[in-house]
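Colleague: What follows is a structure written as C-alpha cells; I'll ask about it next.
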Amino acid sequence: MARALQSASLSFGLVTIPVKLYTAAKSKSVAFHWLHQPDGSRIQEHLYCPVHKKEVPRDEIVKGYEVSRDHYVKITDEELKAMEEAANKIVEIQEFVPLDAIDPVYFEKTYYLGPDKGGEKSYRLLAEALKQRNRGAVAKFIMRGKDNLVLVRPADGDHLMLDVMYYADEVKNVREIELPPAKIKEGELKLAQQLIDGLSNDKWQPEKYQDTYRERVLELIKKKEKGYEFKAPAPSAEGQAQVIDLMDALKKSLRRPGHGKEKQGAAKAAGKEAPSRKVKRAASS
C-alpha cells in the first residue's frame, strides 16, 4: 500500500477537492560511501566552526541567508514550516492548457495524487473532465519551502498526477547553444526519415528498457566481494569512430538488423520519399 507524503486540496472556482500526494518514482542508482583507501574505513563528515575552532553539533545549526558579504539573516525550520502551513496546502488552479502545450523541459519532479476522505467523487470528476478535454491544470502550490508551479494532469484513465515545474526564468533558452550553419541534402533528409520510420512505435513501453549499467556495477560488486580483480576493458573502437560520410552512414544504418526486409532496401530508394507514419503522442503516462 502506497504511503501518502502529505495532504492538500485542489481548488478551482468554488470547487475544492481534498487529495493526498504520493511519490511517483525513485532513483535506483547505485550509492557509494567514501572510504579511506589504506584501511577501508568510512570517512566521516565533521561540521566545524572557524570562529570557535571546534566541531558543532547539529542541534546548534540553523539556516542562514547571505544578505551581504559575511552578513547572514538566520531562519529557523519552525519559521519556514509556519509560513508553509499558512498557505493551507491549497493547490490553486490558475488555468487549463492543452497537455502538449508544455515543453517537457519544464518538468522537474512528478507525484501521484489520490483522493482524500470526502473527495472521491470530485476527484474522479476532475480526472474524467481533464481526460476528455485533453488538458492539464496549471496551479501554484507551496511545498518544502518553495512556491511551486505545478501541472495537474490525468494519468492512466482514472487517476491524477502532479508535475512540479521549473519557472520560465529557471529554464535556459536553447538558443544559447551555438548552432553552426550546415546544409542538409534532400537525400540525407529522406534517409533519416526512413531510419526514424523503421524504429518508430505507436506506443511507449518503458518496461522494455533496463538500467544495464547499474546491473553491471552490482555484478562487479558481487565479484569483488569474492576477491575478483577488475581489469578495465580496451576502449571501444566503435565509440571512437567519427562519421565522415553522412549519407553512407545513413544507408548502413538502414541495412542493420531490426528494420525488416522492406527497410533494408530503403537506401536504394533514396530518391523516393517513404510513406509518412503518424505517431500518436501519449497525453499521459
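Every number here is computed from the coordinates shown, using simple stated rules; none is lab data. In this text, all values refer to a predicted model and were calculated from it rather than measured experimentally. Glycine gets a Cβ as well: all are built from the backbone with ideal geometry, and neighbour counts include every protein chain shown.
Colleague: Please work out how much length the chain gains when fully extended from residue 204 to residue 167, using 0.36 nm per residue of separation minus the C-alpha to C-alpha distance, in nm with one decimal.
Modeller: Numbers: separation 37, 0.36 × 37 = 13.32 nm, distance 2.76 nm.
Additional length available on full extension: 10.6 nm.
Colleague: Report the calculated FRET efficiency for residue 183 and residue 248 (r = Cβ-Cβ distance, R0 = 22 Å), to the nearest 0.05. Mind showing how you got there, number by number?
Modeller: Details: r = 17 Å, r/R0 = 0.78.
The computed FRET efficiency comes out at 0.80.
Colleague: In addition: How much length is gained on full extension from residue 71 to residue 213, taking 0.36 nm per residue of separation minus their Cα-Cα distance? Provide the component values of the computation, followed by the final result.
Modeller: On the way: separation 142, 0.36 × 142 = 51.12 nm, distance 4.54 nm.
Between residue 71 and residue 213, full extension yields an extra 46.6 nm.
Colleague: Sequence-distant or interchain residues sharing an amide H contact under 5 Å with residue 143, placed H: which?
Modeller: 148
Colleague: Let me ask something else about it. Principal axis extents for the stretch 80-153, Cα atoms only, whole Å, descending order, please.
Modeller: 39, 34, 19
Colleague: Just in the stretch 142-181: which trypsin sites (Lys or Arg not before Pro) are loop by DSSP and have at most 12 other Cβ atoms within 10 Å?
Modeller: Values: sites: 144, 146, 172, 175; in loops: 144, 172.
Within the stretch 142-181, the qualifying trypsin sites (Lys or Arg not before Pro) (loop, at most 12 other Cβ atoms within 10 Å) are 144, 172.
Colleague: Quote the FRET efficiency, to the nearest 0.05, computed for residue 43 versus residue 22 with a Förster distance R0 of 41 Å and r equal to the Cβ-Cβ distance. Spell out each step's value before the answer.
Modeller: Values: r = 35 Å, r/R0 = 0.86.
Efficiency, rounded to the nearest 0.05: 0.70.
Colleague: Working only with C-alpha atoms, what are the Rg and Dmax values of the stretch 1-128, expressed in angstrom?
Modeller: So, for the stretch 1-128, Rg and Dmax equal 22.3, 66 Å respectively.
Colleague: Related question: What list of ³J(HN,Hα) values in whole Hz, one per residue of the stretch 20-31 in order, does the Karplus curve 6.51 cos²θ - 1.76 cosθ + 1.60 (θ = phi - 60°) give from phi, with Gly and Pro shown as x?
Modeller: With coefficients 6.51, -1.76 and 1.60, one gets 10, 9, 10, 5, 8, 7, 9, 6, 10, 4, 6, 9 Hz.
Colleague: Would you mind checking which residues have amide H under 5 Å from residue 155's amide H? H placed 1.01 Å from N; only 5 or more apart, or other chain.
Modeller: 160, 161
Colleague: OK, next. Report the calculated FRET efficiency for residue 125 and residue 225 (r = Cβ-Cβ distance, R0 = 41 Å), to the nearest 0.05.
Modeller: My answer for the efficiency is 0.15.
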